[in-house]
Amino acid sequence: MSHYETLGVPRDASTNDIKDAYRAAVLKHHPDKLAGADCGNGAEASLADSADFKRVQQAWEVLRDPSQRAAYDSGLTLAALRATVAFQDELTLDEMDAETEEGEDVYTYPCRCGDSYRLRKVDANEHPDIAVQCRTCSNQVLVKTT
Ligand SMILES: [Zn+2]
């Protein structure tokens, strides 16, 4: 479960939206509040809610901070890519063709759809792993640049 799912917000939610969701979740899950409430759920339910509360807290700690959130987002994208792409999902720069396009150094690789993946050299230099989308279709590959 991602931090976004934990808080019930979309990936592109604003920090204010996330804060509202966090506050609502705290009210719902806070162990102290549960301990005092006569909800009749028993000890097991309280324990589960307490674990939920920890997840809510962790999610908020990451998503409230723009730099932590950005790092988390790129990790999510990579994880989703690894989970969904089963065919020719990883490339190294050696397998790609180095070309110059409009004065810019790029790496290209043919996609099954007939078009190609295109990775700018400057981007390849900045990221150890980078997801590259085909210029035409929705296929993606993970390029390992190191
Ligand atoms: Zn394609």
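The values are calculated or read from the model by the stated rules, or taken from the named source; none is laboratory data. This is a predicted model, so every value here is computed, not measured. Cβ coordinates were reconstructed from backbone atoms using ideal geometry, including for glycine residues, and neighbour counts include every protein chain displayed. For accessibility, only protein heavy atoms count, side chains too; no ligands or nucleic acids. Shrake-Rupley method; radii C 1.70, N 1.55, O 1.52, S 1.80 Å.
A few comments on the model shown:
- Separation of the LEU142 and VAL62 label points, Cα + 7 Å toward Cβ, nm: 1.6 nm
- Here each label is just a point 7 Å from Cα along the line to Cβ, and for SER50 and ASP20 those points are 3.2 nm apart.
- Size of electric dipole in the stretch 86-144: Cβ of Lys, Arg +1 and of Asp, Glu -1, about Cα centre, debye, nearest 20: 220 debye
- Surface accessible to a 1.4 Å probe, THR145 within the full protein complex, Å²: 30 Å²
- Across the accessible surface of the stretch 86-144, with the other protein chains kept in place and a 1.4 Å probe, carbon and sulfur atoms take up 41 percent.
- Once the C-beta distance of GLU101 and LEU27 is scaled by a Förster radius of 35 Å, the resulting FRET efficiency is 0.05 to the nearest 0.05.
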